[in-house]
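What follows draws every value from the coordinates through simple rules; no lab data is involved. Predicted model only: the values in this text are computed from it and were never measured. Glycine gets a Cβ as well: all are built from the backbone with ideal geometry, and neighbour counts include every protein chain shown.
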Amino acid sequence: MLEVAPDLIGATFLVDGVGGIIVEVEAYHHTEPAAHSFRGPTPRNQVMFGPPGFAYVYRSYGIHWCVNFVCEAEGSASAVLIRAIEPTLGVDEMRRRRRLEDVRALCSGPGKLTEAMGITIAHNGMALDGTPIELFARSGAVEVVEGVRIGITKAVELPWRYGLKGSRYLSKPFAPSSRA
């Protein structure tokens, strides 16, 4: 999970051909209390306990969907939350879905990107290597910054948030002390 998360920065993530370049993620491991899998399997988090390479989608605060990539061996229940992307494909469709013109703000947060990309609970448990979800590895080197996760109240000290250095599409800037 800690190897996969920074490797996702610069990868291309599409749903039905709409999406872009992943610029920010957060890692969650079953051994720490911020992970949905910390207390064991439930109907909601069951996908996290399965094999890697699948989407785990859940509703956050009863308001918006969030998408995670399951990334460790079956039973590990560890995943990476996709926090932000740089929109590159299907931008007009994303603008329509979000009723927003500012391309920088379309996918600069986990709920924003799922709305823009049309991700719902229907995508929960879908493979990341087919249709409608497609994930393509980055093709070149990128500079990745890391810092503490945001928007949580447990295990906040863990430096498991990763982002594309200098990206204008992050959900929130990294603290100046973040490591590059």
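A few comments on the model shown:
- When peptides 96-104, 51-59, 146-154 are sorted by average Cβ neighbour count within 10 Å, with the highest value leading, the order is 51-59, 146-154, 96-104.
- Label-to-label distance, His64 versus Glu101, with points set 7 angstrom from Cα along the beta-carbon direction: 2.1 nm.
- Residue-averaged [θ]222 nm for the chain, counting only DSSP H segments that reach four residues, each worth -39500 (n - 2.57): -3000 deg cm²/dmol
- Glu143-Arg168 FRET efficiency (beta carbon distance; Förster radius 25 Å; 0.05 resolution): 0.95
- Most to least packed among 13-24, 132-143, 161-172 [average Cβ atoms within 10 Å]: 13-24, 161-172, 132-143
- Cα-Cα P(r), the stretch 1-98, percent of pairs per 5 Å interval: 3, 14, 21, 25, 18, 12, 6, 2, 0
- Value of relative contact order over the chain, rounded to a whole percent, pairs C-alpha under 8 Å and six or more apart: 28
- Label point at Arg44 placed 7 Å out along Cα→Cβ; residues across the stretch 52-71 whose backbone nitrogen lies under 14 Å: 57-67
- Projected-area average for the chain over all orientations - Cα convex hull basis, square nanometres: 9.5
- Restricting the calculation to Cα atoms, every distinct pair contributes to the Kirkwood radius of the stretch 72-179, found to be 15.6 Å.
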